Amino acid sequence: MTTVRALIATAMKKHWNIFQLDVNNAFLHGDLHEEVYMELPPGLVVDTPGRVCKLNKSLYGLKQASRQWYAKLAEALYSKGYIHSLNDYSLFYKKSASSAIFVVVYVDDVIVTGTDLQEITQLKIFLHDQFKIKDLGILHYFLGMEVLYTPAGAIISQRKFALDLLKEYNCLNGNSPSSPLDPSVKLKAKEGPALTDPTPYRKLVGHLNFFTNTRLDIAYGVQHLSQFMQDPREPHLHAAFHLLRYLKNDPTLGIFLSNDPDCTIRGYCDSDWAACPDSRRSVSGYLVLLGDSPISWKSKKQETISLSSAEAEYRSLRKVVDELTWLCRLLDELIVPFPKPVTVFCDSQSALHIAKNPVFHERTKHIEVDCHFVRDKLQEGLVSLHHIGTADQLADIFTKALTGIKHSNVLGKLSVKSSPPT
């Protein structure tokens, strides 16, 4: 999804048209290279009993169906001069001295954008001859995300999905909390009565996880609730419904991708040390902006226990530098002229000193690999590290449950907007 958001943000800044295609019966186009047999379908009668069908083409339900479809589509695009990105195999592109065309594929949904409308038209005709596609015109609805164009850019939201989910769980009426999680409640793994049937909880959290594609304000809450999927308890279910009711405040809220030509990349990282009361592991969060457009974010519990808050902050710093390393390669392929070094903001002076000062290695041998990675990128000139006050730390929203006022303050500094009524 980061690739999709980065491509749409790039298209907005370069004023490219974005088109959407849908492939009819995509999986049926895949060729099978293995011997696969199936029982006779109901209604097909043969003279000799005990016979089976040998498949020459892929069918829906086969484990290899998606792989074979991708191979078939890639082969067709290769024949037209397209190559796949080494940074994301769902991205294909074709560049020349005068034009650049980009294609993003997600199963049977295809996005096409670029500088040459004639080449895009020819590609549509070619794909239709090969696979029978539906030309859905300008991109408006993709993978559950609604794209609304404004004079200043585009708002990507999941309004319909939000309203359907609120209706399904009877949450359209009643009061809405001002923050996704109650900051006064500390959830623990074994606290409270166990749910007799964990399926509804897992289903709800799965739905909420889908929202994090456009709702960065609930990223921390969703990852926190995901920690209890194995053995959910009643307090966990109450917290999940608390988050769902929060969505009722503004179901149309989404990220705003500006058409401002500014292509400066900024990264923010933060952590909450020993946040988990059960494992004492810390939570990392980061946010990456292209201009003022959010294109990548994450909230995740760290893999190991950090022995200090400085170590937790440094591991968070390593995560955002890792993401920026990949993202810069992707944006180079998308022909985005971003200035280097990329600015990274961290509110821990200790973490910045560890990155910049090799003397600190004596006290940080257990995180030496992370130190080397961040320092290498710092010396290469890919990133530059800067301290930022906690009050201005945009990644704070990805590491802990904030009060309603603090949550609103951070959200007000991010490029999130409500879709106007249609």
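The values are calculated or read from the model by the stated rules, or taken from the named source; none is laboratory data. Quick caveat, the model's predicted, so the values are computed rather than measured. Don't worry about glycine lacking a Cβ; one is built from the backbone with ideal geometry, like all the others, and counts go over all protein chains shown. Accessible surface areas use protein heavy atoms only, side chains included; no ligands, DNA or RNA. Shrake-Rupley method; radii C 1.70, N 1.55, O 1.52, S 1.80 Å.
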**Asked** Which of the residues that make up region 238-263 are among the hydrophobic types (A, V, I, L, M, F, W, C) and open to solvent by 40 Å² or more (accessible area, probe 1.4 Å)?
**Response** PHE241
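Got a number for residues in region 396-406 being open to solvent by less than 10 Å² (accessible area, probe 1.4 Å) and in contact with a Ser or Thr (Cβ under 8 Å, 6 or more places away or on another chain)?
The total comes to 2.
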**Filter result (at pLDDT below 90 and either over 26 Å from the mean Cα position of the chain (by Cα) or not aliphatic (A, V, I, L, M) (or both)) within region 143-168** = GLY144
**Message:** Suppose we filter region 375-405 for residues that are closer than 30 Å to THR150 by Cβ, in a helix (DSSP H, G or I) and more than 24 Å from the chain's Cα centre (by Cα); how many remain?
**Reply:** 3
**Message:** Residue under question is LEU59, and the condition is that it be among the aliphatic types (A, V, I, L, M), open to solvent by less than 60 Å² (accessible area, probe 1.4 Å) and in contact (Cβ under 8 Å) with a residue 12 or more places away in the chain; does it hold?
**Reply:** no
**Asked** When both residues are 6+ apart or on different chains and their Cβ atoms are under 9 Å apart, which pairs have a first residue that lies in region 102-130 and is free of Cβ contacts under 8 Å to residues at least 12 places away in the same chain and more than 23 Å from ASN87 (Cβ to Cβ), and a second that is in a strand (DSSP E or B) and open to solvent by 10 Å² or more (accessible area, probe 1.4 Å)?
**Response** HIS128/LYS134; HIS128/ASP135
**Message:** Could you check region 373-396 and list, in sequence order, the residues that are of a type in the set (A, V, I, L, M), at pLDDT 90 or above and more than 13 Å from LEU352 (Cα to Cα)?
**Reply:** LEU382, LEU394, ALA395
**Message:** When the residues of region 14-33 are narrowed to those that are part of a helix (DSSP H, G or I) and open to solvent by 20 Å² or more (accessible area, probe 1.4 Å), which ends up nearest to SER66 (Cα to Cα)?
**Reply:** PHE27
**Item:** Single residue of LEU327, LEU290 found to be open to solvent by less than 30 Å² (accessible area, probe 1.4 Å), under 13 Å from the mean Cα position of the chain (by Cα) and more than 17 Å from ILE397 (Cβ to Cβ)
**Value:** LEU327
**Fill in**
Of the candidates LEU28, LEU7, the one satisfying the condition of being closer than 20 Å to ALA154 by Cβ and among the hydrophobic types (A, V, I, L, M, F, W, C) is LEU7
**Prompt:** Looking at region 91-108, which of its residues are touching a Ser or Thr at 6+ places or on another chain (Cβ under 9 Å), over 19 Å from GLN130 (Cα atoms) and surrounded by fewer than 16 Cβ atoms within 10 Å (Cβ to Cβ)?
**Reply:** SER98, SER99
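Test ILE83 against the criterion of being under 30 Å from GLY254 (Cα atoms) and at pLDDT 90 or above, and give yes or no.
Taking the combined requirement at face value, the residue does not satisfy it.
Considering only region 72-90, how many residues are open to solvent by 50 Å² or more (accessible area, probe 1.4 Å), of a type outside the set (Ser, Thr, Tyr) and either part of a loop (DSSP other than H, G, I, E, B) or farther than 23 Å from GLY114 by Cβ (or both)?
Total meeting the criteria: 2.
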